[in-house]
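Derivation of every value follows stated rules applied to the coordinates shown; laboratory data play no part. This structure is a prediction, so every number in the text was calculated from the model and none was measured. In this analysis, Cβ positions are derived from the backbone assuming ideal geometry, glycine residues included, and neighbour counts consider all displayed protein chains.
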Amino acid sequence: MAKVGINIATGSLQKEELIVGIDLGTTNSLVAFINSNQEPYALNDMDGFTIVPSIVHFTAAGEVIVGNEAKKHLIEDPQNTVYSVKRLLGKSFSDLKNIQQYFGYKILDQETEGLIKIRIRDKYYTAIEISALILKELKARAEHYLKTPVKRAVITVPAYFNDSQRQATRDAGKLAGLDVLRIVNEPTAASLAYGLGLDKNEHQVLAVYDLGGGTFDISILNLHEGIFEVLSTNGDTFLGGDDFDKAIVNYWIFENKKNLDEVLEDKSLSQWLRLKAEEIKKRLSFEENIVLQENGWQLNLTQSKFNELILPFVDRSIRCCEKALADSGLSLTEINNVVFVGGSTRTPLVKQQVKNFFKGTILFDNLNPDEVVALGAAIEADILAGNRSDILLLDVTPLSLGIETLGGLMDTLIPRNSKIPTKAARQYTTSIDGQSNIKITVFQGERDLVSENRKLATFELKGVPAMPAGLPKVEVGFLLNADGILTVMAKELRSGVSQAIEVKPQYGLTDNEVEKMLMDSLENAQKDVETRMVVEAITEAKQLVYLTERFLEKNSEMLRSDEMEGTRQKIENLASALATNEKDAILHHHEALNEFTAPFAERVMDKAIAIAMKGKKI
Ligand code: ADP
Ligand code: MG
């Protein structure tokens, strides 16, 4: 493998490095690149499409299909066709309890804080794995087009993505064989695509209005000396073009005098209607009225009826704009520009309402709204590659910093390439009852197992009052100052016990060693992520066994003997699966145990156990 020159001070790579920009969207994804004229362009497939629907289909033969071809299977095979997976990225089941019915595929019904899993036939996937399949498709497209291996990328995420969602995006990139140099906020990327932020002398305030397929995001950015400062963000993770489609479907069901529940029950029919609604909606961006009859359904829609159907959704987005504006502390007249992002901003009513709200601003809407984010990501990639001498790169930390969690896993708090100074904090809990000393071990590096990373420091939080497993709340904070000194603070929030230390992560580390660590992590990326998933499945299963056994002990009088016996049997099955180290077998028996105990666990569940299941364990 070729050596990569990395500037330790800036984290940038040598010039020849090829870096692509990727918009990993809920509905659609794209990959873009900068051509020799310094212009960004989205890479298209053989049919000329730049958009790759973020849809993955698994065939019965075990084949994986991504994009437009996969979208066709939404109708006849919804259980094996995964869409909107970005909604699940970095989330646990407890984050999304009530939306299972939104998905046509099976999401594991586990009350754990572990990452959500999707079952396709006998296999279990995390949202990271599915996202990686989409990224692999984009990587392949870029390699085909550019005729060279593509290994590095900038990937965009919504401004409201939290830490765990950003980490999951990085992991997906890693699993796809990409070194993710930076995660960039979508509104920042979109502004860059319009050339905003490239001139150091400009000072502007921007509102970026992004209405996509399933999510809405409004960001107010202050642009000063080439730096984007997020003044405020607002939005709705369940608002977008999908809602327009659903409203149209409901309208058609009513107009055709069909029973709503019966139609929704028939997954193939409702998916067909969904796709039809989207098609008609898109046509209404350019046509006045639609008259259509298909499969015995009247699929008519006038512009004014459509506007009436979607007005509540557009209004909701405007209310988010009001809130974002209020939070920014600015008045309307202080907003200079509005940037339009997302396919749904093509709908005339949307554009009109946004224009009405942000009166007197300059509108940026002449680029393709579903491409702007990817185009901006390509510009950011170009900047990171050091191709723009006029743009100053800020100091960054060359390697990730994190702590060890249960199973010997690396939990990154400050990802590599983060601008410094920076800080991060996260909450953890314990896995064993009555732990009074809690050990925190700090590591540096990109590998998933801490044993492969560089140990920086270790210390113990002593004198934590004895509590059941899962009850202590340990907040770990990292502060990396401008001189590269890292302060690690740990505090058990219930008792107030705290401890802090200082380390210098770069101390005694040569440029060559940093390079070697980065190369190792690239070479082992796939293996590492897979190992981590197995370790996670094992630790989660062990926790479940531990909690279930304790549950049986405590509640033996309240359980029937068949319930006790059945649970013991299921625990035994899970224990034997654990011995195989097979991820899918472990997850299968985990699910079986959970499903078996769920009905009576709910009956006698005591609160302590419910609480005890939350948070990553250290
Ligand atoms: P995301 O960022 O969520 O992946 P996009 O920005 O690609 O989504 O937007 C996808 C949404 O845009 C879909 O709901 C799609 O139906 C809608 N869309 C695409 N083209 C049009 C159009 N011409 N008119 C109205 N809506 C459109
Ligand atoms: Mg988008």
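Placing +1 on each Lys and Arg Cβ and -1 on each Asp and Glu Cβ, with no other charges, gives the chain a dipole about its Cα centre of roughly 640 debye. The ranking of LEU206, LEU198 from fewest to most other beta carbons within 10 Å of each one's beta carbon is LEU198, LEU206.
If the chain linking PHE238 and GLU308 were pulled fully straight, counting 0.36 nm for each residue of separation and taking away their Cα-Cα distance, it would gain 23.3 nm.
Relative contact order of the chain, please, whole-number percent, based on alpha carbon pairs below 8 angstrom and at least 6 residues apart.
Relative contact order of the chain: 13 percent.
Potential lengthening of the chain between THR148 and GLU565 amounts to 144.2 nm, from the contour at 0.36 nm per residue minus the alpha-carbon distance.
Summing +1 for each Lys or Arg and -1 for each Asp or Glu among the other residues whose beta-carbon sits under 11 angstrom from that of LYS439 gives -1.
Other residues within the sphere of radius under 14 Å centred on the Cβ of LEU74, judged by their own Cβ, net out at -3 (K and R +1, D and E -1). Measuring nothing but alpha carbons in the chain and taking Rh as the Kirkwood radius, the Rg to Rh ratio lands at 0.97.
Summing charges over neighbours of ILE420, with a neighbour being any other residue whose Cβ is under 13 Å away from its Cβ, gives +2 when K and R count +1 and D and E count -1.
By other beta-carbon atoms within 10 Å, ranking ILE51, ILE65 with the fewest at the front produces ILE65, ILE51.
In percent, how large is the relative contact order of the stretch 527-613, given Cα pairs closer than 8 Å and 6 or more residues apart?
Working: 43 pairs, mean separation 32.6, N = 87.
Relative CO of the stretch 527-613 lands at 37 percent.
DSSP bridge analysis restricted to the chain gives an antiparallel fraction near 80%, rounded to the nearest 5. For the chain, adding -39500 (n - 2.57) for each run of n ≥ 4 DSSP H residues and dividing by the number of residues yields -12000 deg cm²/dmol at 222 nm.
Taking every alpha-carbon pair within the stretch 112-230, the share separated by more than 26 Å comes to 34 percent.
A Förster radius of 41 Å, combined with the Cβ-Cβ distance separating LEU509 from ASP95, puts the computed FRET efficiency at roughly 0.65. When all alpha-carbon pairs of the stretch 220-294 are counted, what percent fall beyond 20 Å? In whole percent, the long-distance tail amounts to 49.
Counting only GluC sites (Glu not before Pro) that DSSP places in a loop and that have at most 12 other Cβ atoms within 10 Å, the longest clean stretch of the chain runs over 289-618. With the cut-off at 1.5 for a/c, could you classify the stretch 401-512 from its C-alpha gyration tensor as rounded, prolate or oblate? Prolate, because a/c is 1.5 or more and a/b exceeds b/c. Towards the positive end of the charge dipole of the chain, with charges on Cβ (+1 Lys, Arg; -1 Asp, Glu), say which of PRO149, THR27, ALA525 has the farthest Cα. Toward the positive end, the furthest listed residue is ALA525. Roughly how far apart, in whole Å, are the Cα centres of the stretch 269-334 and the stretch 553-600? The two parts, judged by their Cα centres, are 47 Å apart.
The spacing between the stretch 427-472 and the stretch 26-44, judged by their C-alpha centroids, is 43 Å.
Each residue of the stretch 172-183 was assigned a 3J(HN,Hα) from its phi angle through the Karplus expression (A = 6.51, B = -1.76, C = 1.60, θ = phi - 60°), giving 4, x, 4, 5, 7, x, 10, 8, 8, 6, 7, 9 Hz with x at Gly and Pro. Would you kindly calculate the translational diffusion coefficient of the stretch 527-613, applying Stokes-Einstein with the Kirkwood radius from alpha carbon pairs, for 10 °C and a viscosity of 1.306 mPa s, and quote it in µm² s⁻¹ without decimals? Approximately 118 µm²/s, per Stokes-Einstein. The label point for ALA457 and the one for LEU363, both projected 7 Å from the Cα toward the Cβ, are 5.4 nm apart. In terms of other Cβ atoms within 10 Å, HIS73, HIS589, HIS203 run from fewest to most in the order HIS203, HIS73, HIS589. For ILE120, the residues 5 or more places off, or on other chains, whose built amide H falls under 5 Å of its own are TYR125.
Of all aspartates and glutamates in the structure, those lying under 20 Å Cα to Cα from LYS359, and not within fewer than 8 positions of it along the same chain, are ASP210, ASP217, ASP315, GLU322, ASP327, GLU334.
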